[in-house]
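Colleague: Have a look at the structure that comes next, please.
The values are calculated or read from the model by the stated rules, or taken from the named source; none is laboratory data. Just so it is clear, the structure is predicted and the values come from calculations on it, not from any experiment. For neighbour counting, all protein chains shown are included, and Cβ atoms are generated from backbone atoms with ideal geometry for every residue, glycine included.
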Amino acid sequence: MKKLFVLFLFSAVSLFSQTQKDLCGSWQSAPNVAAGYDDTFTFNEDGTFYYFNNQMDCSKREVGYGGFWELKGRSIELTVTYYDIEKGGWLEPADGSCGSDSMLVGSVIVKSFAFPYESEILRLSNYSKEMLDETERQTIEINNRKHWYFSKFEY
């Protein structure tokens, strides 16, 4: 029981000691990148962020959203200033690279500004490191869903 308490205390202290700089990069809800990104937050050093929706769902119209982020204790406060939305096009049966039954074809991505700005709070927990394919990887739970660290994904 004492070991469990010490482990819990160590995990809580390591999360509390995270700085905004420690969180910069991309945090994906899957340990590996496949044909596309899974649900992914990218936090930039300049205080901007981008959230990618799972790219394997080829029928989704919302590509992602972005804006500004700030670490506040054990949470990240997002200020959403825009959405990237697929406009136009039509649905067809999905080809082999999609994880969905259908895919959007002939659409274009349009930036849609959010006004007034929207806010979202991400709860952080269980910041740790684990071995994956003989490589030590950082992990964190964002809103109770495990995410793995990658150097910054470009979008």
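Colleague: Got a number for residues in region 1-28 being assigned to a loop (DSSP other than H, G, I, E, B) and either at pLDDT below 70 or under 19 Å from E136 (Cβ atoms) (or both)?
Modeller: To start, the set of residues in region 1-28 that are assigned to a loop (DSSP other than H, G, I, E, B) comprises 1, 17-19, 24.
Now narrow it down to the ones that are either at pLDDT below 70 or under 19 Å from E136 (Cβ atoms) (or both): 1, 17-18, 24.
Going through region 1-28 one residue at a time, the tally reaches 4.
Colleague: Of the residues that sit in region 112-144 and are charged (D, E, K, R) and exposed (fewer than 11 other Cβ atoms within 10 Å of the Cβ), which one is modelled with the highest pLDDT?
Modeller: Just the residues of region 112-144 that are charged (D, E, K, R), to begin with: 118, 120, 123, 129-130, 133-134, 136-137, 141.
With the extra rule that they be exposed (fewer than 11 other Cβ atoms within 10 Å of the Cβ), the set shrinks to 133-134, 136.
Values: D133: 81, E134: 85, E136: 89.
Checked region 112-144; the qualifying residue modelled with the highest pLDDT is E136.
Colleague: Filter region 89-111 for residues that are closer than 12 Å to E62 by Cα and surrounded by 11 or more Cβ atoms within 10 Å (Cβ to Cβ) and give the result. Spell out the reasoning first.
Modeller: Quick first cut of region 89-111, residues closer than 12 Å to E62 by Cα only: 104, 107-111.
If the condition is that a residue be closer than 12 Å to E62 by Cα and surrounded by 11 or more Cβ atoms within 10 Å (Cβ to Cβ), then L104, S107, I109, V110, K111 are the ones that fit.
Colleague: Quick one: in region 145-155, of everything that is in a loop (DSSP other than H, G, I, E, B) and not aromatic (F, W, Y), which residue is modelled with the lowest pLDDT?
Modeller: Taking region 145-155 first, the residues in a loop (DSSP other than H, G, I, E, B) are 151-155.
Next cut, not aromatic (F, W, Y) only: 151-152, 154.
Working: S151: 82, K152: 68, E154: 60.
Looking at residues that are in a loop (DSSP other than H, G, I, E, B) and not aromatic (F, W, Y), I get E154.
Colleague: If you don't mind, there's one more thing I want to ask. Evaluate the following for Q55: is it closer than 22 Å to T139 by Cα, of a type outside the set (V, I, T), at pLDDT below 90 and within 15 Å of the chain's Cα centre (by Cα)? Write out each step before concluding.
Modeller: On the way: closer than 22 Å to T139 by Cα: yes; of a type outside the set (V, I, T): yes; at pLDDT below 90: yes; within 15 Å of the chain's Cα centre (by Cα): yes.
So Q55 fits the description; yes.
Colleague: Just give me the residues in region 55-69 being in contact with a Phe, Trp or Tyr (Cβ under 7 Å, 6 or more places away or on another chain) and not in a strand (DSSP E or B), in sequence order.
Modeller: Q55
Colleague: Restricting attention to region 39-62, and to residues there that are surrounded by 20 or more Cβ atoms within 10 Å (Cβ to Cβ) and not aromatic (F, W, Y), which single residue is nearest to S100 (Cα to Cα)? Show your work before the answer.
Modeller: Taking region 39-62 first, the residues surrounded by 20 or more Cβ atoms within 10 Å (Cβ to Cβ) are 40-43, 49-52, 55, 58.
From the residues that got through so far, the ones that are not aromatic (F, W, Y) too are 40, 42, 55, 58.
On the way: T40: 18, T42: 24, Q55: 10, C58: 6 Å.
Checked region 39-62; the qualifying residue nearest to S100 (Cα to Cα) is C58.
Colleague: Exactly one condition in (1) in contact with a strand residue (DSSP E or B) (Cβ under 6 Å, 6 or more places away or on another chain); (2) among the charged types (D, E, K, R); (3) loosely packed, with under 12 Cβ neighbours inside 10 Å is false for E86; which is it?
Modeller: Going through the list (1) in contact with a strand residue (DSSP E or B) (Cβ under 6 Å, 6 or more places away or on another chain); (2) among the charged types (D, E, K, R); (3) loosely packed, with under 12 Cβ neighbours inside 10 Å, E86 breaks only (3).
Colleague: Looking only at region 92-120, which residues are of a type in the set (A, V, I, L, M, F, W, C), touching a strand residue (DSSP E or B) at 6+ places or on another chain (Cβ under 8 Å) and assigned to a loop (DSSP other than H, G, I, E, B)? Spell out the reasoning first.
Modeller: The initial filter retains those residues of region 92-120 that are of a type in the set (A, V, I, L, M, F, W, C), namely 94, 98, 103-105, 108-110, 113-115.
Those still in the list that are touching a strand residue (DSSP E or B) at 6+ places or on another chain (Cβ under 8 Å) too: 94, 103-105, 108-110, 113-114.
Across region 92-120, the qualifying residue is only A94.
Colleague: Being in a strand (DSSP E or B) and over 12 Å from the mean Cα position of the chain (by Cα) is the requirement here; does V33 meet it? Break it down stepwise before answering.
Modeller: Details: in a strand (DSSP E or B): no; over 12 Å from the mean Cα position of the chain (by Cα): yes.
For V33, the condition - in a strand (DSSP E or B) and over 12 Å from the mean Cα position of the chain (by Cα) - is not met.
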